[in-house]
Amino acid sequence: MSEIKLCPKCGKETTRIDPIDNESCFRVRCGNLKCLYAPDTWSDSVEEAIEYWNLRPIEDALTAENQRLREFVKEFIIALMLIEDAYPYKQGDVEALFVKYKEALK
């Protein structure tokens, strides 16, 4: 069985898989009674219901953009280091930026 993601609304792990109509249909929903998040994740199989529940297009797009920006920053840091080697800046200026961005990537 696939891993079920946390509820996108409340972040709880108490997700439930409920059989409907004598197990001919299934849905995944948050088991937190205070959470009102109830997406339409009905399906004929448990696996497909979990797949629908786990769909997070905005979250996936943001994760991809975050990764793209991390790669850009890494390349930018390398470029700064090359510039520091090629031009007479005050010693440590670029190194300080490097340390700052390296910490930001953690």
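The numbers here are math on the coordinates, done by the rules we state, and not lab data. Quantities reported herein were computed from a predicted structural model and do not represent experimental measurements. Note: ideal-geometry Cβ built from the backbone for every residue, glycine included; neighbour counts use all protein chains shown.
In terms of packing, defined here as the mean over residues of other Cβ atoms within 10 angstrom, the peptides 55-67, 24-36, 71-83 line up highest first as 24-36, 71-83, 55-67.
Remark: spin-label model distance residue 81-residue 48 equals 5.1 nm, labels positioned 7 Å along the Cα→Cβ axis.
Simple spin-label estimate for residue 20 and residue 63 gives 2.6 nm between the two label positions (7 Å along the Cα-to-Cβ direction from each Cα).
In this simple spin-label model, placing a label point 7 Å from the Cα along the Cα-to-Cβ direction at both residue 104 and residue 2 gives a separation of 3.5 nm.
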